[in-house]
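What follows is a short report on a single structure.
The values are calculated or read from the model by the stated rules, or taken from the named source; none is laboratory data. Here the structure is a predicted model, which is why all the values come from computation and not from measurement. Because the Cβ atoms are built from the backbone with ideal geometry, glycine has one as well, and the counts that use them run over all protein chains shown. To get the accessible areas, we keep the full protein, side chains included, count just its heavy atoms, and leave off ligands, DNA and RNA. Shrake-Rupley method; radii C 1.70, N 1.55, O 1.52, S 1.80 Å.
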Amino acid sequence: MTRKQLTEQIFSKQSYLCIGLDTDLEKIPKHLLLFDDPVFEFNKQIIDATKDLCVSYKMNTAFYEANGLKGWQSLQKTVGYIPAEHFKIADAKRGDIGNTSLQYAQAFFDSESSGLSFDAITVAPYMGEDSVKPFLEYENKWTIVLGLTSNPGSADFELKKISIKEEDLEEGIHVIKEKNQFLYEYVLQKASQWGTSENLMFVIGATQSDELINIRKICPDHFFLVPGVGAQGGSLKEISEKAMIDDCGLLVNVSRAIIYASSEENFAEAAREVVRQYQSEMAAYLNGRR
């Protein structure tokens, strides 16, 4: 999916909502356990109830990998069921030496090889450029690099100050300047050089809204995948006001607040009602940009 196609969906549906299908067998309604594939049946009903109000679905692969072969089958069936117009994200947080990343990219992007055809995958950038490049080599696929995450542990590394030395010329004299910045800032600056705003996004946690204005200055044109709204307490209003750009530039992910809106047989209808509220609010922010 190209950026133009994604943007067209956003403005057509007046929504930049990404629904997280992080489906946990322990949390889905009990009547679904009678189905041969309860996870897929749950996902199918959520998709049917929400597909006209969202532009993307994100699957955290851990929830599927935990169920072994059956879990991968559920994942494959779910990806195949999602309409082609939706942006499909594998939240896998991969990233390894180049030849290993090449295999990961093939696993999630090459349907002829693995049976999976996601539009995007989340990756960890801390092993450097050669660990990310294999994902960027796929045409019309997206690499979503972890930037500033919403978990408390982000303070352990991402929000640590580091000293960076930069070489410059002043009045013809070669000088070395030193500046202090957050590690996440350096990661965003560096990683944004590996791809373009047409194939590279960044994960920016909704609970880090105080940093959003600064982040948008570092990455003025890139799309952000923003988790942390809903159960984690992030503010859709703050995110939209501080980080939205002319073609939106945002995919806001909500998982638990939507898919577990009800534990009864009406779970899909309850999910749709929550999604409708998000979509209505998003439409107001989009129209406010016009």
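Figure legend. Inter-residue proximity from the range 34-53: first residues open to solvent by 10 Å² or more (accessible area, probe 1.4 Å) and modelled with pLDDT of 95 or more, second residues part of a helix (DSSP H, G or I) and among the β-branched types (Val, Ile, Thr), beta-carbon distance below 7 Å, spacing 6+ or different chains. Indicated pairs: Phe40/Thr78; Leu53/Val275. The residue that is modelled with the lowest pLDDT, among those in the range 174-202 that are closer than 18 Å to Leu159 by Cα, in contact with a Lys or Arg (Cβ under 9 Å, 6 or more places away or on another chain) and outside any helix (DSSP H, G or I), is Lys179. For Gln5, the criteria (1) open to solvent by less than 60 Å² (accessible area, probe 1.4 Å); (2) more than 16 Å from Glu273 (Cα to Cα); (3) assigned to a helix (DSSP H, G or I) hold in every case but one, which is (1).
Phe11 meets all of the listed conditions (1) assigned to a loop (DSSP other than H, G, I, E, B); (2) touching a helix residue (DSSP H, G or I) at 6+ places or on another chain (Cβ under 8 Å); (3) open to solvent by less than 50 Å² (accessible area, probe 1.4 Å); (4) more than 17 Å from Glu265 (Cβ to Cβ) but one, namely (1).
Kindly provide the set of residues from the range 261-290 that are out of contact with any Pro (no Cβ under 9 Å at 6 or more places or on another chain), charged (D, E, K, R) and assigned to a loop (DSSP other than H, G, I, E, B), ordered by number. Within the range 261-290, Arg289, Arg290 qualify. In the range 203-227, the qualifying residues are those that are open to solvent by 30 Å² or more (accessible area, probe 1.4 Å) and part of a helix (DSSP H, G or I), and the one that is farthest from Ile144 (Cα to Cα) is Asp210. Do any residues in the range 120-142 that are touching a residue at least 40 places away in the same chain (Cβ under 8 Å) have Cβ atoms under 7 Å from those of residues that are in a loop (DSSP other than H, G, I, E, B) and surrounded by fewer than 15 Cβ atoms within 10 Å (Cβ to Cβ), where the two are at least six apart or on different chains, and which pairs are they? Correct list of pairs: Asn140/Thr2. The set of residues from the range 60-87 being under 25 Å from Phe11 (Cα atoms), in contact (Cβ under 8 Å) with a residue 40 or more places away in the chain and not in a helix (DSSP H, G or I) comprises Glu85, His86, Phe87. When the test is whether a residue is of a type in the set (Gly, Ala, Ser) and either open to solvent by 50 Å² or more (accessible area, probe 1.4 Å) or not in a helix (DSSP H, G or I) (or both), Ser240 does not pass it.
Out of curiosity, is Thr61 open to solvent by less than 40 Å² (accessible area, probe 1.4 Å), modelled with pLDDT of 95 or more, touching a Phe, Trp or Tyr at 6+ places or on another chain (Cβ under 7 Å) and under 17 Å from Phe42 (Cα atoms)? In short, no. Is it the case that some residue within the range 221-232 is more than 19 Å from Phe87 (Cα to Cα) and of a type in the set (D, E, K, R)? No, that holds for no residue.
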